[in-house]
Amino acid sequence: MTDSPPPPPLLRMSGVRKSFTGTIALDHGDLEVRRGEVHALMGQNGAGKSTLIKVLTGVYPADAGDIEYEGTKVAFRSPYEAQRAGISPIYQEINLVPQRSVMENVFLARELRRGPLLDRARMREQTTALLALVGIDVDPGAALEQLNTAQQQMVAIARALSFDSRLLIMDEPTSSLHDREVETLFGVIRALRDAGTSVIFISHKLDELYRICQRVTILRDGRTVATADLSEMSRLDLVATMLGRAPDAISQAGQTAFSRRGPGPGRVLLQTRDVAVEPKLRRANVTVRAGEVVGIAGLLGSGRTELAEAVCGATPMSGGTLELDGAPYRPSSPREGLDHGVVLTPEDRKTEGLVGLMSVRENITLSILGRISRWGVVRRAEETRLVQEFMDQLSIKASSSAQPVAELSGGNQQKVLLARALAVRPQLLLLDEPTRGVDVGAKREIQELVSRSVDDNRGVVLISSEMEEIIEGSDRIHILRDGESVAYLDARSVSNAQIMIYMASGGSEPEDEGDTSATMHNHQELR
Ligand code: ADP
Ligand code: MG
């Protein structure tokens with residue numbers, strides 16, 4: 001073997017930093033992409049992936065750091081400049097014009113002309129060639145909106161190729177694609193790679209990353225924490241690095257400060273059978289009994305939120321069935337879910353949950369006005385008693401119950417959202433990231449209140465990206481991976497590492513790493 005020096009990489013970003021007022025979005029981003037490689041960029045929500053890409057493509061200037069592209073130092077001042085240098089981001093939301101034709105979209109904003117007229121013949125000819133390259137057979141004159149999502153995505157890629165792109169950036173390109181379409185996309189990516197084009201591939205779907213990417217860069221809290229060959233990095237190591245955990249860190253629920261002591265499981269409250277919310281959630285089989293908290297663990301994009309939304313009626317299911325307390329149940333709106341005693345506190349309290357300008361009192365009683373009213377008039381005394389009770393129980397810090405919630409801290413806002421849900425006295429409470437952005441003290445109070453809200457007639461579904469929260473706050477842990485139910489674990493005896501193994505491992509059967517303290521119930525419960 002001769003030791004010829006490796007060719008210089010196509011792209012080398014080092015020590016890139018970008019902050020916005022009050023937030024360091026990217027603290028120290030390093031990324032090296034070789035020619036002709038598909039490079040995965042991974043990191044939890046908020047890790048800084050999009051910011052790194054936006055700095056690269058000239059959307060924002062960097063505060064510090066260097067970018068070298070094709071051997072020269074660069075600092076693109078606009079996406080247009082980056083595009084001219086051959087860097088083409090293909091966003092999740094495709095930035096094309098649905099009503100225009102395929103060829104007009106491919107040549108959008110730089111139409112080919114002959115004199116003052118559009119040169120339709122030449123655009124059609126070149127579009128046909130590009131479409132052949134990305135493997136779709138559609139009429140260049142057809143309106144873009146007549147194409148399915150996968151085809152539209154291919155048109156976006158064809159457009160990128162027409163710029164002679166050397167670096168394509170795909171942010172969650174498969175999140176709206178069905179299996180067959182993913183195969184087509186992967187075929188195109190491989191062909192591009194073989195022709196020397198480089199691709200940055202952002203996705204949380206591990207199976208896909210391992211299939212299509214050669215190397216991975218992992219961001220955590222705005223810093224690049226690892227770059228590795230995927231062939232040399234196990235899924236478990238990858239997930240552990242992304243989450244910032246040693247894969248062998250064992251956290252026994254009994255040793256943590258908070259530990260749930262439920263009344264013990266009773267009758268089945270909720271049964272989901274092969275529930276699907278295409279394309280993210282494909283097959284969820286979850287059982288929740290009265291008296292228990294079922295934690296749902298899974299990586300971003302595994303379908304956790306979609307599951308909760310389907311159960312509360314906020315999102316229609318594309319397949320499967322639900323049973324609530326033994327009876328068929330198919331809510332078509334959150335109102336209908338509420339009528340059945342099913343309530344969700346959403347992940348994003350700002351956009352979906354709280355009404356900022358309304359008072360703490362109004363927010364808490366929003367869902368139960370019917371109950372505390374008589375002849376259409378809210379009984380103030382009853383309302384005051386209830387609101388005070390929740391404010392005390394949850395130690396909601398507000399100047400008074402009349403203070404607008406927008407003025408409260410994140411933790412107190414979250415408590416108001418929870419109070420509103422609890423005020424309903426739900427049979428089934430669905431919590432999506434209930435303690436995100438909440439300080440440690442408030443977190444404990446929320447956990448305890450949730451735990452106390454469970455009794456012989458009530459159950460809770462707890463979705464969280466924080467392993468400790470799931471372990472501490474649940475009785476059983478249900479794992480979703482790439483939209484499918486893969487395992488149940490007993491929260492009392494499970495470790496961080498075991499959960500990660502199930503979240504990360506490929507194939508249909510979870511790997512058993514020899515530790516049997518994680519009990520599998522999947523054969524009864526999942527089928
Ligand atoms: P990712 O793409 O990995 O989910 P982002 O790069 O979008 O992460 O965000 C990293 C962090 O920077 C997050 O905390 C996010 O809230 C913050 N952030 C991103 N863009 C902005 C912005 N324009 N203004 C303020 N904060 C931002
Ligand atoms: Mg992002």
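The values are calculated or read from the model by the stated rules, or taken from the named source; none is laboratory data. Here the structure is a predicted model, which means the values were calculated and not measured. Glycine also receives a Cβ, built like all others from the backbone with ideal geometry; neighbour counts cover every protein chain displayed. Heavy atoms of the whole protein, side chains included, go into the accessibility calculation; ligands, DNA and RNA do not. Shrake-Rupley method; radii C 1.70, N 1.55, O 1.52, S 1.80 Å.
What to note about this one:
- For the range 341-354, the condition holds for no residue, the condition being that it is crowded, with 24+ Cβ neighbours inside 10 Å and on the phi > 0 side of the Ramachandran plot.
- Residues satisfying the stated conditions in the range 277-304, i.e. open to solvent by less than 10 Å² (accessible area, probe 1.4 Å) and of a type in the set (A, V, I, L, M, F, W, C): Leu281, Ala284, Val286, Val288, Ala290, Val293, Val294, Ile296, Ala297
- Wholly enclosed strands (runs of 3 or more DSSP E) of the range 415-510 bearing at least 3 residues β-branched (Val, Ile, Thr) and open to solvent by less than 20 Å² (accessible area, probe 1.4 Å): 459-463
Listed here are the residues, each with its yes/no results for (1) over 21 Å from Phe163 (Cβ atoms); (2) within 16 Å of ligand 2 (Cβ to nearest atom).
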| site | (1), (2) |
| --- | --- |
| Thr21 | yes, no |
| Thr57 | no, yes |
| Ala64 | yes, no |
| Ile67 | no, no |
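- Listed by first and then second residue, the pairs with beta-carbon distance under 7 Å, at least 6 apart or on different chains, first residue in the range 98-119 and part of a helix (DSSP H, G or I), second among the charged types (D, E, K, R), are Met103/Arg124; Asn105/Arg159; Val106/Arg159.
- Some residue of the range 78-85 being part of a helix (DSSP H, G or I), more than 24 Å from Ser231 (Cα to Cα) and within 16 Å of ligand 1 (Cβ to nearest atom): yes
- Scanning the range 401-410 for residues that are part of a loop (DSSP other than H, G, I, E, B) and open to solvent by less than 50 Å² (accessible area, probe 1.4 Å) yields Ser401, Gln403, Leu408.
- Conditions (1) in contact with a helix residue (DSSP H, G or I) (Cβ under 9 Å, 6 or more places away or on another chain); (2) at negative phi; (3) within 16 Å of ligand 2 (Cβ to nearest atom): number failed by Gly43: (2)
- Scanning the range 478-496 for residues that are at pLDDT below 80 and touching a Lys or Arg at 6+ places or on another chain (Cβ under 8 Å) gives a single hit, Asn496.
- The set of residues from the range 383-400 being of a type in the set (Val, Ile, Thr) and open to solvent by 10 Å² or more (accessible area, probe 1.4 Å) comprises Thr384, Ile396.
- Residues in the range 69-111 that are open to solvent by 60 Å² or more (accessible area, probe 1.4 Å), touching a Ser or Thr at 6+ places or on another chain (Cβ under 6 Å) and not assigned by TED's automatic domain parsing to the domain that holds Phe201: there are none.
- Some residue of the range 44-52 being more than 8 Å from ligand 1 (Cβ to nearest atom) and either in the same structural domain as Leu219 (by TED's automatic domain parsing) or open to solvent by 40 Å² or more (accessible area, probe 1.4 Å) (or both): no
- Given (1) touching a residue at least 24 places away in the same chain (Cβ under 8 Å); (2) over 24 Å from Ile189 (Cα atoms); (3) away from ligand 1 (no atom under 16 Å from the Cβ), number of the condition Leu11 does not satisfy: (2)
- Test for Ala142: is it open to solvent by 10 Å² or more (accessible area, probe 1.4 Å) and either at pLDDT below 85 or away from ligand 2 (no atom under 16 Å from the Cβ) (or both): yes
- In the range 1-24, residue most open to solvent (accessible area, probe 1.4 Å) [restricted to those that are modelled with pLDDT of 95 or more and under 25 Å from the mean Cα position of the chain (by Cα)]: Arg17
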